[in-house]
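I have placed the structure first, in the form of structure tokens, so that the comments after it can refer back to it.
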Amino acid sequence: MINVLVVDDELPAVEELAFLLGRDERIGKVLRATSGAEAMTALSAGNIDAVFLDIHMPAVSGLDIAGAIARSSNPPAVVFVTADEEHALAAFELAAVDYLLKPVRAERLARSVGRICELRDGGAAPEMITVDQGGTTRMIRRDDVTYVQAQGDYARLHTADASYLIRVPLADLEQQWADAGFIRTHRSYLVALKHVSSMKLAADGPRVTVAGAGLPISRRHLPTVREKLEATRIRPHA
């Protein structure tokens, strides 16, 4: 089980997040701190596997605490919890596992706990992608990308929650992400195998369903797509 520390200068926010975490069977102890000083004291006592940090706190900010954690010999995982995305880039430069926006949804928090569990079990740190959305720099996990759509010299990354345009050609992503489980299905699409739920051989052409979206498979790519999907036990149907 994972022992966690929740840090926020607003007590109601601490209690709400602690309540949600306490409902997760993967969570053990839930410690609380309402200041940077309290957080550093709790961390010095040890036996904390993950810290859920608010960024905007007086005196000692969440970024300050994360910096101190990063310099420690056996650092706990860090998840930032904040009301805005202003510090997303700085957060991931400090090797944060995740970045949650308030108000925190239970299902989103569960995914964050899952990421912490993966790291504890020896998994690699997630590959992060820098995207710009309305002038705000964000970091998203490559694992959250369900498929990619070509748009000229750009590529649109689709996740379960949103889509993001990056200035990278689809052909470049195909090469860079081949070992991460992404395959080309069409000149305009690159899909994440783990997000494919079905493949259909329809009269108007074969298609794959990726996170609820029906995407075309070109004749050129069909043999490779079938081979890859059958290896994951997804077989085509009429």
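Taken together, the values in this text are just the output of simple stated rules run on the coordinates, not laboratory data. The structure displayed is predicted, hence computed values, not measured ones. Reconstructed Cβ throughout: ideal geometry from the backbone, glycine too, with neighbour counts over all protein chains shown.
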> What percentages, rounded to whole numbers, describe P(r) for the chain computed over all alpha carbon pairs with 5 Å bin width beginning at zero?
Replying inline: 1, 6, 13, 16, 15, 13, 11, 9, 8, 5, 2, 1, 0, 0
> When only C-alpha pairs under 8 Å and at least 6 residues apart count, what is the relative contact order of the chain, in percent?
Replying inline: 10
> How much of the DSSP beta bridge set in the chain is antiparallel, as a percent to the nearest 5?
Replying inline: 65
> In deg cm²/dmol, rounded to 500, what helix-only [θ] at 222 nm does the chain give when every DSSP H run of at least 4 residues adds -39500 (n - 2.57) and the total is split over its residues?
Replying inline: -8500 deg cm²/dmol
>> Quick check on the range 145-231: what are the equivalent-ellipsoid semi-axes from the Cα gyration tensor, as sqrt(5λ), descending, whole Å?
In response: 20, 14, 13
>> If I model the range 2-123 as equal point scatterers sitting on the Cα atoms and use the Debye formula, what is log10 I(q)/I(0) at q = 0.09, 0.12, 0.17 Å⁻¹?
In response: -0.20, -0.36, -0.77
> Of the residues ALA70, ALA192, ALA178, which exhibits the maximal mean-square fluctuation in a Gaussian network model of the chain defined by a 10 Å Cα contact cut-off?
Replying inline: ALA178
> How much length is gained on full extension from THR224 to LYS194, taking 0.36 nm per residue of separation minus their Cα-Cα distance?
Replying inline: 9.2 nm
> What is the sum of charges around ASP54, taking Lys and Arg as +1, Asp and Glu as -1, for the other residues whose C-beta is under 11 Å from the C-beta of ASP54?
Replying inline: -2
>> Expected output is a single nm value to one decimal: the length gained when fully extending between THR159 and ALA83, i.e. 0.36 nm times separation in residues minus the C-alpha distance. What is it?
In response: 25.3 nm
>> Give me the one-decimal nm value for the distance between modelled label points at ARG167 and ALA70, 7 Å along each residue's Cα-to-Cβ direction.
In response: 2.6
> LYS228: which lysines have alpha carbons under 18 Å from its alpha carbon, excluding same-chain residues fewer than 8 sequence positions away?
Replying inline: LYS194, LYS200
>> Defining a contact as two alpha carbons under 8 Å apart and six or more residues distant in sequence, what relative contact order in percent does the range 145-231 show?
In response: 22
